[in-house]
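Report on one structure; see the data block that follows.
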Amino acid sequence: MNTSKILVVAASCVFLAAQASAATLFGIVSGPTVSASSAVLVDSAVTVASSGGSVYQRGSGLAAASGSTFNTQGYGTTSEAAAITAGDFITWSFTSSTGHDLTSANIRYDRSGTGPAALSIQFSTDGTNFSTVLTDTAVSDAGENVLNIDLSTFDNVTSGTFRVVGWNASSAAGTFDFENDPLVGSAASSSVSFLLTGEPVPEPTTMAILAAAGLMAARRRKSR
């Protein structure tokens, strides 16, 4: 095998390795108390923010409820926009030392019979400008597993913040919580309340090898 073919094959192998199937970036275990949650299954390049013993953080309009998972009450608005203004949301954030093309997210949540009947899940790469990735206007009080939320439009991500905004509670005492479930963590065989997956972006050196291999092959073709 000539040198150019060896380079092409080697570069292709490196590229395919970098483009392996989606892997877990991190998961979140909800609880064991109403104001606690922890990051698990964390990729070596990823750092998940935590404050006061919790990855999940309540907005200014919400308060702790009761139970053995991260549980919240105080929802009091009737629209998404009003809920954002009132601080009726929960956030969690991460950073990464390398870029990732996000693929999908799984989540499980629950509400009491008087808790927020509508919610949106939003994502931002700068903590300011959020895009809605899911809207649920009929949140079940029996609990829901929402799997494979499409995040494929978010490429080369090195930081991110998720935000769950809730509204249309029939009582401010109504609650909303994140629950752990094996189905949410099925990609990682773990019972979690949230799971994020993504693919690593190829390192610049990988792309340089591919470019060099392609250039050499093109020169050989021209010389024939």
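A few remarks follow.
- For the range 168-198, taking the residues that are touching a Pro at 6+ places or on another chain (Cβ under 6 Å) and open to solvent by less than 30 Å² (accessible area, probe 1.4 Å), the one that is nearest to residue 32 (Cα to Cα) is identified as 176.
- Scanning the range 69-114 for residues that are open to solvent by less than 10 Å² (accessible area, probe 1.4 Å) and among the hydroxyl-bearing types (Ser, Thr, Tyr) yields 72, 75, 109.
- Hits in the range 144-160 - residues which are open to solvent by 20 Å² or more (accessible area, probe 1.4 Å) and not aromatic (Phe, Trp, Tyr): 144, 145, 146, 147, 148, 150, 152, 153, 155, 156, 158, 159
- Checked against the criterion of being over 20 Å from residue 72 (Cβ atoms) and in contact (Cβ under 8 Å) with a residue 60 or more places away in the chain, the range 169-181 has no qualifying residue.
- Residue within the range 133-140 that is more than 20 Å from residue 81 (Cα to Cα) and among the small types (Gly, Ala, Ser) present: yes
- Within the range 118-129, the set of residues being open to solvent by less than 50 Å² (accessible area, probe 1.4 Å) and in contact with a Phe, Trp or Tyr (Cβ under 8 Å, 6 or more places away or on another chain) comprises 118, 119, 121, 122, 123, 124.
One line per residue, one yes/no per condition, for (1) in contact with a His (Cβ under 9 Å, 6 or more places away or on another chain); (2) assigned to a strand (DSSP E or B); (3) at pLDDT 95 or above:
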site	(1), (2), (3)
140	no, no, yes
161	no, yes, yes
165	no, yes, yes
213	no, no, no
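- Test: residue 91 is assigned to a loop (DSSP other than H, G, I, E, B) and in contact (Cβ under 8 Å) with a residue 60 or more places away in the chain: no
- Selection count, the range 137-151, where residues are more than 19 Å from residue 197 (Cα to Cα) and of a type in the set (Val, Ile, Thr): 2
- For the range 20-68, filtering for residues that are open to solvent by 50 Å² or more (accessible area, probe 1.4 Å), charged (D, E, K, R) and either under 13 Å from the mean Cα position of the chain (by Cα) or on the phi > 0 side of the Ramachandran plot (or both) leaves 0.
- Those residues of the range 56-83 which are in a strand (DSSP E or B) and either aromatic (Phe, Trp, Tyr) or touching a residue at least 12 places away in the same chain (Cβ under 8 Å) (or both), in sequence order: 57, 58, 64, 71, 72, 73
The values are calculated or read from the model by the stated rules, or taken from the named source; none is laboratory data. A quick note: this is a predicted structure, and the numbers were derived from the prediction, not measured. Quick reminder, even Gly has a Cβ in these numbers, built from the backbone with ideal geometry, and neighbours come from all protein chains shown. With ligands, DNA and RNA removed, areas are computed over all heavy atoms of the protein, side chains included. Shrake-Rupley method; radii C 1.70, N 1.55, O 1.52, S 1.80 Å.
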